[in-house]
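Some notes on the structure that comes next.
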Amino acid sequence: MAQKKKQTWDPDWQTKYKHQVVTADEAIGAIRPGQRIFIGTGCGQPEELVRALTARGKDLPDTEVVHLLTSGDAPYADHQFSSFFRVNSFFIAENVRGIIQEGLGDYTPVFLSDIPTLFNSGQIPLDAALIEVTPPDERGRCSLGVSVDIVKSAAANARIVIAEVNPQMPRTLGDSFIDVNDIDYLVPVDEPVIEVVPKEPDEITRRIGRYVAALVDHGTTVEFGIGSIPQAVVPFLKDRKDLGIHTEMFTDSMIDLVESGAVTGARKTVDRGRVVASFCMGTKKLYDYIDNNPVFAFHPTEYVNDPFLISRQHRQVAINVAMEIDLTGQVCADSIGNRFYSGIGGQVDFNRGAGRSAGGRAIIALPSTAKGGSISRIVTRLSPGAGVVTTRGDVHYVVTEHGVAYLHGKSVQARALALIAIADPKFRPQLVREAIETRYLRPEMAGVEGKIVVGPQEFRTSRLLRDGTQVMFRPIHPTDEPNVRDMFYALSEETKYYRFMKHIKTIPQQQIQDFVFINHRSDIAIVATVPAPYGEDIVAIGRYYLNEKTNLAEVAFIVHDKWQNRGIGTFLLNHLATIAKRYGIRGFTAEVLRANRPMQRVFTHSQYKVTSEPQEDIIHFHIEFA
């Protein structure tokens, strides 16, 4: 899809618009003390203009510098200029983080989709906008290139627009153009666009990426938020079909995804066939790729981040990150305690849009620990001073390197258990104790303190039944407690009698806990699930318990009446045997009632060496894997 680069601008533009062409110093001379100056976003920061502005710093007291996320140098944020320039950032980048955390600059927390309204309404009036554009084409149109986002609105509302005109800026298509006559000063430059070289993800980030990718199905439209985790998802999506992209930021990592053929946009509801973004940050390879490329449509923030428009996309997936999350689901994403670190950005815009999209998924991802594993990012209470970006009512999926928790519509107890299960194992006992103290968990849950374990991802599999039904098989999860209870009460009296070998009307809470809180080593439980409107239904459970003295495991199954005689029991036996052999277990034992002929057939017709010994009403089975 990459296009061969060719000149797309008017070669005589400097002559045609010579009355607007000035040097950087001459253009900055139009700025007066006490004004509010907007600086272009990300890699579209006009560096020559920034240098000229800073050089005049001592002549511009009480000047406010407003911007979103900027790359490159920010000399105006140096301490020596703090009495002249005051930074006000909508999203804190590394180049201004220090001055803001010291209290010498400002952070304005706001949804990204709301920023253009602040400019349009005059709530934040702009005296000047410093931006970077391509040279004008023969129709007098300049492309905003790598940064359309809030730049277009800023330029439309600023009293003075000063633009670096750079032939090395890629010409992006879409709603990305500004008429040359809407620019007051044109400052010719010819220098490389700022580059951001992506970092290689570490193993934890890759594991998170793999879990997130499992939530992205064929035909979905994806938003990749800012940060290394969303970018780490990309390599695991190359086998998908007909993906779409509707995202704030496009990066180098996504080129391979587009080139792999996974991205067609064919199933997008809005902007079908187009990759939609509002800005990009990357290397020259990326800039050459998007240059005049009709596959890409760059739009302003008020379009790309509009939650209503996002919700119209069929199966929109939003992938964003967090600093920490508490056990009720409150997400802090812009600060570390009371130290502002980044910004709200588009997290809420996309989270709410994806949450309301038909078949959409809103995902928050974060490593389970920070500071070299010394502190947990999953906490009972947010750190003092930490702000909530995504509320507990808006959160849906939370992903760490230890798994996936689904919180939306769940009780506080279910949320706490789900989040503890994906916390770092060494912090889980402490989180259980604290959750009981804060009344998030019932007191009797103290008995599961050391038993909240998520089964290995590699134990997951699926099977297509003869009637075309897809059944998923996965390790039982601590949050399966209510589903296990529901399944029990949906069973016939005969099925319950066959499984428990006695007539029972109720199942004690402790017994359900014993079902779901296991170590996934000597005690393995696999559930079979099918999709349901609210998530999934458990239709079968297979389990074994290891007798370490004999190195044999006792195996047992229970299958919902509606799903019996469809091969699920046989599949569970083979799947459990595969897991058991991996752990060096030599075989299974089982006890089956004489009347339970279907389960007897599962064992006797298996691929393993099976011996049986009838004793009164029970048949003892011995299964050797060898």
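Worth pointing out:
- Selection from the stretch 605-626 of residues that are exposed (fewer than 13 other Cβ atoms within 10 Å of the Cβ) and without any contact (Cβ under 8 Å) to a residue 24 or more places away in the chain: Lys609, Thr611, Glu613, Pro614, Gln615, Glu616
- Filtering the stretch 581-604 to residues that are exposed (fewer than 13 other Cβ atoms within 10 Å of the Cβ), farther than 17 Å from Glu494 by Cβ and charged (D, E, K, R) leaves only Arg582.
- Restricting attention to the stretch 357-400, the residues that are buried (at least 16 other Cβ atoms within 10 Å of the Cβ) and closer than 16 Å to Ala318 by Cα add up to 17.
- Residue selected from the stretch 411-423 under the condition under 20 Å from Asn320 (Cα atoms) and not in a helix (DSSP H, G or I), by the criterion modelled with the highest pLDDT: Ala423
- Restricting attention to the stretch 540-556, the residues that are crowded, with 22+ Cβ neighbours inside 10 Å and either within 36 Å of the chain's Cα centre (by Cα) or in a helix (DSSP H, G or I) (or both) total 4.
- For the stretch 25-64, the tally of residues that are among the β-branched types (Val, Ile, Thr) and more than 24 Å from Ser176 (Cβ to Cβ) stands at 4.
- Selection status of Gly372, under 21 Å from Met249 (Cα atoms) and either without any contact (Cβ under 8 Å) to a residue 60 or more places away in the chain or touching a helix residue (DSSP H, G or I) at 6+ places or on another chain (Cβ under 7 Å) (or both): no
- Within the stretch 297-331, the set of residues being crowded, with 24+ Cβ neighbours inside 10 Å, in a strand (DSSP E or B) and not small (Gly, Ala, Ser) comprises Phe298, Gln316, Val317, Ile319, Asn320, Ile325, Val331.
- Number of residues in the stretch 600-626 that are closer than 19 Å to Ile568 by Cα and in contact with a Lys or Arg (Cβ under 9 Å, 6 or more places away or on another chain) equals 2.
- Meets criteria (modelled with pLDDT of 95 or more and on the phi > 0 side of the Ramachandran plot) for Gly209: no
- Restricting attention to the stretch 107-142 and to residues that are among the small types (Gly, Ala, Ser) and under 27 Å from Glu94 (Cα atoms), the residue that is farthest from the chain's Cα centre (by Cα) turns out to be Ala128.
The values are calculated or read from the model by the stated rules, or taken from the named source; none is laboratory data. What you are looking at is a predicted structure, and each value in this text was computed from that prediction instead of being measured. Methodologically, a virtual Cβ is constructed for each residue, glycine included, from the backbone with ideal geometry; neighbour enumeration extends over all protein chains shown.
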